[in-house]
1. Could you tell me how many cubic angstrom of Cα convex hull volume the stretch 178-299 has per residue?
2. Please give the FRET efficiency for D403 paired with N94, using the beta carbon to beta carbon distance and R0 = 22 Å, rounded to the nearest 0.05.
3. What's the FRET efficiency of N617 with E177 using the Cβ-Cβ distance as r and R₀ = 60 Å, to the nearest 0.05?
4. Leaving out ligands and nucleic acids, note down the accessible area per residue over the stretch 221-364 with a 1.4 angstrom probe, in whole Å².
5. With labels modelled as points extended 7 Å from the Cα through the Cβ direction, what inter-label distance (nm, one decimal) is found for E345 paired with N588?
6. Given Cα pairs under 8 Å that are at least 6 residues apart, what percent is the relative contact order of the chain?
7. Return, ordered by residue number, the residues of the stretch 473-501 whose backbone nitrogen is under 12 Å from a label point located 7 Å along Cα→Cβ of N511.
8. Match the structure shown to one of the listed values [x] 33.4, 105; [y] 27.3, 90; [z] 34.4, 132 of Rg and Dmax of the Cα atoms in Å, computed from it, and give that label.
Amino acid sequence: MQNYRFYIIIVFLIGAVACVKETGQESPSNTDEVSFANLEIPNDFDFSTTQNIHLKINSDNFRNNSIYTYYYFDDANNKMTIGRGAHSGTSVYNTHFILPTYVKEIFIQKDAAELQWQIKVAVSSEYVYVNFDENTPLTKTFNRVLPETNNQRKANTCEDYLVATNGQGKSFTIHQEDDYSLTNYPDIERSSWAMAYDQSTGVMYYDVKGKLYKRTLGEATSTLIATIATSSSELNNGYPRMTLKDGKLYVGDGGAYAIIDAETGNVLKNISVTNFPGNKNGGGDLVFDSEGKLYQACSGGLYQLEFNADTTVYNAIRLSADNFPYYLTGIAIDRFDYIYASTNESNSKIIKMDKSDGSFSIVHTLNRKCNDLAAFICSDDDFAGLDSDGDGVNDGFDEYPNDPNLAFNNYNPSSNGFGTYAYEDLYPEVGDYDFNDVIVHYRHNYITNASNKVVKMESKYIAKSVDADYNSGFGIELPFKLDSISSVTGTTITNGLVSLNGKGTEVGVSNDKPVVIVFDNQNAIVSGSDIKSSEEMDMVVTFTSPITTQLLNFEGFNPFIFVLERGREVHLSGKQPTQKFNSDYLNNGADVGSYKTSTNHPWGLSIGHKFHPPKENVDITSAYNNFSLFATSGGVSKANWYTDDSGNRNTQKIHLDN
């Protein structure tokens, strides 16, 4: 009889299970087959969903005064800006940041000299290398941003432009700020290879085989000034180089130079040059910068010409490391001391050049030849200064234009996203693996100065919980020493479990690894029904002296909760406890050390995204359909298991909170 009753019970249970209706993406009825606890997890897998990136950027074009912006697109195709930095010099630019592991490519944007480039690069390891060179295509030219006045951008009251001529007698201007559009003027005499422009009078001077002419720009008639007579027969037959300063024309051809009175054509001085190999002194032009220094760009690259004591000899100082790959015909300069050069082609290229090292980029190709360039340059009276705080970063890029100590915002995980830490609170016993007992959303903004060093870190936290009976606090052990920290503000304290020192970090822990406490009891700060949430909590860590992004080291952050008591710490898989940990919990219950079970299951997850928790007692593998593949593959498969990509989520079993 007993066997018969047992048989009836078994039949009834089988029938009851068979009558369960399967809907949507519900998990199979035998949850033991898919539950997280029964998954075989590879040894040493830490369930990380983020990767540490070391970005190195080299620039062969415009090494100096560049701004780099780095970003990626998330699973919803939103642009996620990570950070910015300035670069001045020939060294490689270095920075460190965190990316979601599913991100396989990032974008690096470079802004320099009112030009913009963009490179997309694959992420295949923790090291990402980028090189901007003369072959990197431009994405934008002239992105000038003027300083703010009364919260309004000043209107552009002046425009730099280039004045140009060619040997076919064409006279025209080139407008850099209007997509390099051209304005044509009446023709001049043919076979003119050299020209200079006096913007104070609007007069253009030009040479035709040794004859010096002048003409007001826009008029149709030229006046012959003189046939020049220098000590060099080469110059007397015409020359490719001419520039103007203080009413004097500086001309040159090969190794011979002269200074000429612009109004009379009289030769004021004959000049020679030293330290200038003849095979590097071909073509090109001369120009003065805003400081009165004379530059020559020619086949050998960019040179600075310095007078000797009696001003009869130029000493040539080479600034370029290499010869130019193009034969240059003319150069001019703008008010920011960037040099523009034209090339000797039927459709001349316009090149923009850094005067400090000759690095350059092609910014435009004309529909004609250009044999010489001069410039109209706006004055300081036309434009206010572009660096209000004097830190060397243009106000258009400086996110703190009135603070010389701050320049750029940089984010983990991104400017408009949150990362998440999610914990089980039954440690050292195994929980129900819904990872919804203590949830902490975070966003860190590490603010850097003009030297790309971190001055302070502003963090935003939100605490959440689904149905946690235990009171838990949350803190982070930092990977740099206490003496690096000036102050910490923003801790939320509601009970007496923790004590803080004068700097705002926790007392009783190692000075080599200080601890910040974000809150000490989530149940005291969360409210709601299905999922409880706190208000945003803002914490600021200010550094004694600015530190590098490498020393900041988000990968080394050690977040943890403490449950009911300060010593009952719960860390992410593979992490170590602080000095406050109660060692009685070590290797107790299901813990075998480093916050893992014997089957490598964790008590906490770190997710580089806003995590929507499973409902109470819902195994994470049922709520997130691809978490099992992620876990059993050691993170190789389904690295984006937590996103809203199709098939990832079983939305009926998740709290889709904001």
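The values are calculated or read from the model by the stated rules, or taken from the named source; none is laboratory data. Please read these numbers as outputs of a predicted model, since none were measured by experiment. We place every Cβ from the backbone using ideal geometry, glycine too, and count neighbours over all the protein chains shown. Quick note on the areas: whole protein, heavy atoms, side chains included, nothing else; ligands and nucleic acids left out. Shrake-Rupley method; radii C 1.70, N 1.55, O 1.52, S 1.80 Å.
1. Numbers: hull volume 15.7 nm³, N = 122.
Residue-normalised Cα hull volume stands at 129 Å³.
2. Details: r = 24 Å, r/R0 = 1.08.
Here the calculated transfer efficiency is 0.40.
3. Numbers: r = 64 Å, r/R0 = 1.07.
According to the calculation, E is roughly 0.40.
4. Working: 5460 Å² over 144 residues.
With the other protein chains kept in place, the stretch 221-364 gives 38 Å² per residue.
5. 7.6
6. Computed over the chain, the figure is 13 percent.
7. 481-485
8. From the options [x] 33.4, 105; [y] 27.3, 90; [z] 34.4, 132, the structure gives [z].
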